[in-house]
Amino acid sequence: MTKRSVVIGVGHYLPERVVPNAEFEKTLDTSDEWIRSRSGIERRHFAAEDESTSDLATHAAQAALADAGIEADDIDAIILATSTADLTFPSAATMVQARLGMTTGFAFDVQAVCAGFIYALSNANAMILSGQAKRVMVIGAETFSRIMDWTDRSTCVLFGDGAGALILEGQEGSGTAQDRGILAVDLNSDGRYKDLLYVDGGVSTGTSGYLRMQGNQVFRHAVEKLAKTAETALERAGLGADDLDWIVPHQANIRIIQGTARKMGLSMDKVVVTVQDHGNTSAASIPLALSVGKARGQIKQGDLVVTEAIGGGLAWGAVVLRW
Ligand code: ACO
């Protein structure tokens, strides 16, 4: 018998305010047509002034608990992927823990920008396989609207706010690729590329700063590295792209998503796409897409899914799992 980390619940939350591309035409030299054709984004959600990352995360966590049919006390750990935690410390994860009324177990944040959810899943899987935890809530939550330079048209039209959550549970599998749960993981980072995508604030500046990005450079790395990490993870699971039911990619740009699918030899009808409605929600984009994909009836129990992301660092990776 082999232990596997199996998804037993999923949920998401999007702030109420929806901002269509046309809204940016009022303040910037941009157009709905440019944003749609260069990124695939049509609208995004922005958090209300009094809504923080931990608020969004708590709503998503509650939705995942309801989906799993369990209580917060049934969870051993919360791992929250975010680059926009409410405060420098304590972690947003401990804030969610308190809001859920959980007084046992442990909670911490993971920061790997847009790849954060992949890193968090990998951490959760390792803790389950080592016996440190039986059930882990893995959340991706962001309020990137708080780190936008609203005068920079090359970044502020691309991002949105939101949260998604998965609950993983240790279950016995047969040790084959037919098992439900996480089958393989691939993580990478290369700090030489730190200047391609960063926030120009933090404790060294005494400000929270704004996102800066050399978009076309990130784009170039993205298609090549995403296809490779997905293929590496599939190979580790003893599988190939032909075995996949779904790719659930990080939702940054439809052209990156299409380019990655093409490189892997897969058609777009095997890809869960939400970028048109959410924009780039960084670490929240994958759990949001998994939750929406399930709600749409795309992802079903037993389906083989690869999920992949790249972001600031650069940091990137992929997880292969059977839903
Ligand atoms: N409206 C109109 N014109 C614009 C806009 C805008 N909103 N933004 C940029 N432009 C202009 C530029 O100024 C440039 O004009 P110029 O040629 O006169 O200088 C022109 O459009 C082309 O700019 P590029 O940056 O070369 O455009 P590109 O086709 O590469 O698309 C984009 C830009 C959408 C940012 C794309 O590069 C991209 O998606 N990159 C990847 C971003 C990403 O995936 N990030 C991932 C991780 S995010 C994270 O980790 C937080």
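Worth a mention:
- Extension gain (nm, one decimal) between S130 and A66, 0.36 nm per residue minus Cα-Cα: 20.4 nm
- Spin-label model distance (nm) - R153 vs R255, 7 Å beyond Cα toward Cβ: 1.6 nm
- Lys-Lys pairs in the chain that are eight or more residues apart or on separate chains and whose Cα atoms lie under 16 Å of each other come to 6.
- Taking one quarter of the surface of the C-alpha convex hull of the chain gives a mean projected area of 15.3 nm².
- Length gained on full extension, E235 to D195: 11.3 nm, using 0.36 nm per residue less the C-alpha separation.
- Value of relative contact order over the chain, rounded to a whole percent, pairs C-alpha under 8 Å and six or more apart: 26 percent
- Portion, in percent, of the accessible area of the chain that falls on carbon or sulfur, probe 1.4 Å: 48 percent
- Cα-only Debye scattering, region 2-173: base-10 log of I(q)/I(0) at q = 0.17 Å⁻¹: -0.96
- From helices alone, the chain scores -9000 deg cm²/dmol at 222 nm; the rule is -39500 (n - 2.57) for each run of n ≥ 4 DSSP H residues, then divide by the residue total.
- 11 Å beta-carbon shell around S282, net charge (K/R +1, D/E -1): -2
- Solvent-accessible area per residue in the chain equals 41 Å², computed with a 1.4 angstrom probe and all protein chains kept.
- Gaussian network model of the chain, springs between alpha carbon atoms under 10 Å - residue of G312, G69, G293 with greatest fluctuation: G69
- Gap separating the Cα centres of region 103-163 and region 282-323, nearest whole Å: 13 Å
The values are calculated or read from the model by the stated rules, or taken from the named source; none is laboratory data. Just so you know, these numbers come straight off a predicted model, no measurement behind them. Note that we place each Cβ from the backbone using ideal geometry, even for glycine, and neighbour counts take in every protein chain shown. Areas reflect the complete protein model, heavy atoms only, side chains present, ligands, DNA and RNA absent. Shrake-Rupley method; radii C 1.70, N 1.55, O 1.52, S 1.80 Å.
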